[in-house]
Amino acid sequence: MAEILLEFKDLRIEATSYPPGEPPRHVVLVDGVSVAVEKGKVLGLIGESGAGKSTIGLSAMAFGRGGVRLTGGQILLNGREIRTADAAGLRALRGREVTYVSQSAAASFNPARRIMEQVIETSISHGLMNKSDAEARAVDLFRQLGLPKPESFGTRYPHQVSGGQLQRAMTAMALCPKPDLVIFDEPTTALDVTTQIEVLAAIKLAIVQTGVAALYITHDLAVVAQVADHILVLRGGKKVEYGTTDQIINDPREDYTRALVSVRSIEHAEKSEARALLSVASVTARYRGTDFDVLKNVTVDLAPGQTLAIVGESGSGKSTLARVITGLLPAAQGRITFAGRVLSPDLLGRSKEDLRELQMIYQMADTAMNPRQTVGTIIGRPLEFYFGLKGEAKRQRIQELLDQIEMGKGYIDRYPAELSGGQKQRVCIARALAAKPKLIICDEVTSALDPLVADGILKLLLNLQAEAQVAYLFITHDIATVRAIADRIAVMFKGQVVRYGQKSDVLAPPYDDYTDLLLSSVPEMKLGWLEGVIAGRKMESAGN
Amino acid sequence: MHPVLKLVVQRLALGLVLLLAVSAVIFLGIEALPGDTAQAILGQAATEVSLANLREKLGLNEPALTRYFVWLWAALHGDLGVALTNGVDIATAIGQRFGNTLFLAGCAAVISVPLAITLGLVAARYNGRWPDKVISGLTLTTISLPEFVAAYFVIFLLTQVFPIFQPVAMVFPGMSFWAKLNAVALPVIVLVMVVLAHMMRMTRAAILNVMQSAYIETAELKGLTPMQVIWRHAFPNAIAPIVSVVILNLAYLVVGVVVVEVVFGYNALGQYLVDHVTKRDLPVVQAVGMIFAAVYIGLNILADVISIGANPRLRHPK
């Protein structure tokens, strides 16, 4: 039995929340969790948002974010109890024994200081190394993590490098003081899928080479399967299941784990039809004051009652395409035909009927709703605006819509703040449906949601499509979502459609280079997948 | 051209246009006052004939627009003219007094700016605890006192109860630096009391605002002490708002301290200006007004440049 580095014994973490207009509420975030990390091993913490994974991760540094309190149990680090340590004791362990890599390195780097200063700061302030040794080690780590120009990388400011590079720089910052344990808190979640695989491979390599132990926190089981030795599945602050990575992935014992493993099991038979509801022909667009086209000669068609998925990385122009179709950004060239009529490029030139038949759902349901309006008011507004419904008729129709989105009674007078993330997105769907549209543009509608909740939303959207014969233009960066919902697919890269056709054609070889890269970068839920892909790519580049 | 240099040139050009506008506004303001310089000089002794003679002598019979442009033309050539009331050369009269103004403002700034920022950092460090409350309470008290009340209180305390300083801040040419410092001690104390709170509170608020950022959590998780976190990570990102308030107070120390000058009998620009406004002495008011406006504009350009210098996104574009 290897030596134990960190052990949680019956950990209990609490906080007080202050819901608006209500008395303060006491919440238990983590309840009776016990788990241990051995020296040099990686423990994956997995669960949905609110499962307590980040809270547990930070508690390994005896840190409670905001008003979070570590109220019970033991946290043993190198045999010492740290939960009750004093401020000086905590400072001595933070940065020296345990370090932290956050989800958003872009926000976690100080914008006013050079990267090098920040990377070596811990090593110097804890007196672990002198400045030149620390800088030499940092440069080594930059090289190991595959950062460009490792010698001069540190002289740059955070805003001068990309998000994926910053995430690796933060890993270097965590590894520089030679800690015993690194906490990775969703380090690749905010990255594009092709960047994620690079960062993931860099992190994995660094863990192997430095022999450091790690807590790897993520909601994505396929990601954690690539790096972890053991996995702890959490739900609502409680332990669901603990086991080796192999056992959790291939032989889950608990129903909840099985649901996580088999997520995205939606089977959607592809439909094909020649008739086009929406036809985007040779559209080119640019933003005011810029001198390059964000969309270049884009041509796609969408049949009534079907789903066209637009796939691509951030910056590929997918959301811009949505803005052009809705008229928020008038196209510079090209033509958009909808339901047999040519749409005015500019929103102001469109009829009320054009507006009604083309609705939109956004990624952040939170910001897409007025927090001071009730669910009834939010859904009722399009009913009034497009159909002039009032009073009891309107209320009845709102209730019908709520039933359609499977939310039932009792929600009509609630405010958005009282709803969960998935429920908020459902209300946004109901608001779009209220206009009885022919086409709904869904812009990353499931990206901010937990996998199981996202699954529910996708199933709902498919059911509604079958009932109401509404077409979806589904914008996403997630290939799994595309597989689940699309009839037709357009792959976008740098403002152009690089691959377009029926789902079965687009997702079958032979691939073009970009689609191949995109598809092969999506983590698969099996052990050794990452090594396989990396080895494959090295062979290819060696072969070239 | 470097973007910062370009900005400075733009602001300087804009500043000159502003100065011109200010001179026109001052001229209009003086013209709008009832009475004129001749009446102010002669006072009760004025007769129709003596007024007419004096007006002729001072050139007040020219149309207002002509007088403005005559003044402007001379001023552009560096000639501020002579005071209408006593014929003294304005540049000479202002020179020494402006030196006194800068000396007083400089002494007050050298003490108050570092003190205010330090107190602000300490208050932010102990946010909501007793050091924060004591600092906030004291500075609020001093800013709430009107200047003349604070001045008399300080005079009473430091010349009567503890006779350390002289109650009158007389300075004259040829005084040694230390004697001057001793002379301005009391007005400096009063001015520090007046400007401290504003700068301190802005520093505290700016730091606390930055303390919400994710990179502050990163710094805490590096095991840095709270003061290291504030000094190395919060302060560099709070410079812009702090500088703008500091500059505002520096400008006030130069142009807004006439009450303190009067209470301590300190011979500086503020008193000089007020005297000549009552006499409708247009050239003097114009000259002092221009100086005050130039100080304001210059300091604000400085604030902009420092704020840009403190922002690496502007200093080092991608």
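May I ask you to say which residue of A:Val482, A:Val445, A:Val453, A:Val470 is buried (at least 23 other Cβ atoms within 10 Å of the Cβ) and within 23 Å of the chain's Cα centre (by Cα)?
Values: A:Val482 fails: buried (at least 23 other Cβ atoms within 10 Å of the Cβ); A:Val453 fails: buried (at least 23 other Cβ atoms within 10 Å of the Cβ); A:Val470 fails: within 23 Å of the chain's Cα centre (by Cα).
Sole residue among the options that is buried (at least 23 other Cβ atoms within 10 Å of the Cβ) and within 23 Å of the chain's Cα centre (by Cα): A:Val445.
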Counting only residues that are more than 7 Å from chain B (Cβ to nearest Cβ) and in contact with a Phe, Trp or Tyr (Cβ under 9 Å, 6 or more places away or on another chain), which one in the stretch A:82-102 is surrounded by the most Cβ atoms within 10 Å (Cβ to Cβ)? A:Val101
Which residues, taken from the stretch A:36-51, are in a strand (DSSP E or B) and either aromatic (Phe, Trp, Tyr) or open to solvent by 10 Å² or more (accessible area, probe 1.4 Å) (or both)? A:Ala36, A:Glu38
Looking across the stretch B:277-309 at residues that are modelled with pLDDT under 85 and within 14 Å of chain A (Cβ to nearest Cβ), the single one that is nearest to B:Arg11 (Cα to Cα) is B:Ile308
Of the residues that sit in the stretch B:1-38 and are over 26 Å from B:Leu299 (Cα atoms) and without any contact (Cβ under 8 Å) to a residue 24 or more places away in the chain, which one is surrounded by the most Cβ atoms within 10 Å (Cβ to Cβ)? B:Ala38
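So which of A:Glu121, A:Glu135, A:Glu151, A:Glu117 is at the interface with chain B (Cβ under 10 Å from one of its Cβ atoms), open to solvent by 40 Å² or more (accessible area, probe 1.4 Å) and assigned to a helix (DSSP H, G or I)?
Values: A:Glu121 fails: open to solvent by 40 Å² or more (accessible area, probe 1.4 Å); A:Glu135 fails: at the interface with chain B (Cβ under 10 Å from one of its Cβ atoms); A:Glu151 fails: at the interface with chain B (Cβ under 10 Å from one of its Cβ atoms).
Step by step, each of A:Glu121, A:Glu135, A:Glu151, A:Glu117 is checked, and only A:Glu117 is at the interface with chain B (Cβ under 10 Å from one of its Cβ atoms), open to solvent by 40 Å² or more (accessible area, probe 1.4 Å) and assigned to a helix (DSSP H, G or I).
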Which ranges mark the helices (runs of 4 or more DSSP H) fully within the stretch A:157-235 that have 3 or more residues being buried (at least 19 other Cβ atoms within 10 Å of the Cβ), more than 14 Å from chain B (Cβ to nearest Cβ) and at negative phi? A:193-210, A:221-227
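In this structure, does B:Ala234 turn out to be within 25 Å of B:Val134 (Cα to Cα), within 14 Å of chain A (Cβ to nearest Cβ) and open to solvent by less than 40 Å² (accessible area, probe 1.4 Å)?
Working: within 25 Å of B:Val134 (Cα to Cα): yes; within 14 Å of chain A (Cβ to nearest Cβ): yes; open to solvent by less than 40 Å² (accessible area, probe 1.4 Å): yes.
Yes; evaluated as a whole, the condition is true for this residue.
Which residue out of B:Ile216, B:Ile247 is within 14 Å of another protein chain (Cβ to nearest Cβ), open to solvent by less than 40 Å² (accessible area, probe 1.4 Å) and not polar (S, T, N, Q)? Even if it seems obvious, please write down each step before you answer.
Numbers: B:Ile247 fails: within 14 Å of another protein chain (Cβ to nearest Cβ).
Only one candidate qualifies: B:Ile216.
Which count do you get for residues in the stretch A:303-328 that are of a type in the set (A, V, I, L, M, F, W, C) and either at pLDDT below 90 or exposed (fewer than 14 other Cβ atoms within 10 Å of the Cβ) (or both)?
Of the stretch A:303-328, the ones of a type in the set (A, V, I, L, M, F, W, C) are A:303, A:308-311, A:321-322, A:324-325, A:328.
If we keep only those that are either at pLDDT below 90 or exposed (fewer than 14 other Cβ atoms within 10 Å of the Cβ) (or both) too, we end up with A:328.
Counting residues in the stretch A:303-328 that are of a type in the set (A, V, I, L, M, F, W, C) and either at pLDDT below 90 or exposed (fewer than 14 other Cβ atoms within 10 Å of the Cβ) (or both) gives 1.
With among the basic types (Lys, Arg), farther than 19 Å from B:Thr101 by Cβ and touching a residue at least 24 places away in the same chain (Cβ under 8 Å) as the only criterion, which of B:Arg125, B:Arg129 stands out? So that I can check it myself, show each step before the final result.
Details: B:Arg129 fails: touching a residue at least 24 places away in the same chain (Cβ under 8 Å).
None of the other options fit; the residue is B:Arg125.
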Tell me, which helices (runs of 4 or more DSSP H) lie completely within the stretch B:63-170 with 3 or more residues that are among the β-branched types (Val, Ile, Thr)? B:90-125, B:130-144, B:147-155
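Looking at the stretch B:230-248, is at least one residue outside any helix (DSSP H, G or I), under 19 Å from the mean Cα position of the chain (by Cα) and in contact (Cβ under 8 Å) with a residue 60 or more places away in the chain?
Pass one, the stretch B:230-248, residues outside any helix (DSSP H, G or I): none.
Scanning the stretch B:230-248 turns up no residue that is outside any helix (DSSP H, G or I), under 19 Å from the mean Cα position of the chain (by Cα) and in contact (Cβ under 8 Å) with a residue 60 or more places away in the chain.
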Can you confirm whether A:Asp291 is farther than 29 Å from A:Glu467 by Cα, open to solvent by 50 Å² or more (accessible area, probe 1.4 Å) and among the acidic types (Asp, Glu)? yes
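Test of understanding: among A:Ser108, A:Ser54, A:Ser59, which residue is open to solvent by less than 50 Å² (accessible area, probe 1.4 Å), facing chain B (nearest Cβ under 7 Å), closer than 15 Å to B:Leu221 by Cα and not aliphatic (A, V, I, L, M)?
Exactly one residue qualifies, and that residue is A:Ser108.
The values are calculated or read from the model by the stated rules, or taken from the named source; none is laboratory data. Predicted, not measured: the structure shown is a model, and the values here were computed from it. When we count neighbours, we look across all protein chains shown, and the Cβ atoms used for this are built from the backbone with ideal geometry, even at glycine. Surface accessibility is based on the protein's heavy atoms, side chains included, excluding ligands, DNA and RNA. Shrake-Rupley method; radii C 1.70, N 1.55, O 1.52, S 1.80 Å.
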